[in-house]
Amino acid sequence: MAAHSPSVGHLNRRFQALCNTAPRAGAHTNPVAETWHRDVKVTLLLADAAEAVNGKLYILGGGWSVMGPDPAPMAIAIKIEVPWDQGNDVHKLQLRLVDADGQPVLAESEDSDEVPVVLDADFETGRPAGMKPGTPLDLTMAVTLGPLPLASGSRYEWRLTIDGKEDDEWRVAFSTRAANA
């Protein structure tokens with residue numbers, strides 16, 4: 001029997017609240033060039049627990065790639081380095097969980113429907129006063145998830161997209177141990 005897991009809708013609302021990066025009034029979206037995302041650096045780290053406070057990540061039990069077989073809480077520590085010229089622009093972020101075949105992992109929603117495990121948020125990085133022009137702008141966030149009912153003996157991957165763009169470096173994979181017979 002799988003442990004109780006919060007619904008995907010609840011997780012998405014928590015993710016948006018954790019990001020606490022809602023665009024400010026009057027912020028603009030930038031019709032960016034097709035290649036801007038190549039200059040964005042992303043670090044994703046799986047952990048037992050993580051917290052983002054004042055631009056720093058506090059990580060416990062970080063760096064694992066095998067879990068289970070029983071469902072367990074997990075956290076994803078995220079650091080995004082946004083190019084200077086993209087500061088003060090609103091960006092759309094999506095974090096989704098897929099299986100070894102690249103198919104969406106489904107979880108029960110608040111309505112008892114099965115929906116993909118996808119977390120969406122908007123973010124904006126400001127340019128702090130006194131920062132040297134050209135300096136990358138850091139955004140840190142931590143996503144804490146309750147136990148997800150994942151199949152044992154399987155491979156999964158968290159994939160991040162920003163403004164609909166993907167990069168092979170913006171992924172973190174993990175496996176679940178096979179259940180004992």
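Arranged by the count of other C-beta atoms within 10 angstrom, fewest first, what order do TRP84, TRP64 take? Please list the in-between numbers first.
On the way: TRP84 15, TRP64 12.
Ranking TRP84, TRP64 by Cβ neighbours within 10 Å, fewest first, gives TRP64, TRP84.
Which log10 I(q)/I(0) values, to two decimals, does segment 124-181 give at q = 0.30 Å⁻¹ under the Debye formula with one point per Cα?
-1.25
Going by C-beta contacts inside 10 Å, put VAL172, VAL53 in order with the fewest on the left. Display every interim value, and only then the final one.
Values: VAL172 19, VAL53 9.
Sorted ascending by nearby Cβ count, the order is VAL53, VAL172.
What is the Cα centroid distance between segment 161-177 and segment 104-140, reported in whole angstrom?
So the separation of the two Cα centres works out to 13 Å.
Each reported figure results from applying straightforward, stated rules to the coordinates on display, with no laboratory input. Please read these numbers as outputs of a predicted model, since none were measured by experiment. Please note: Cβ atoms are built from the backbone with ideal geometry, for glycine as well, and neighbour counts cover all protein chains shown.
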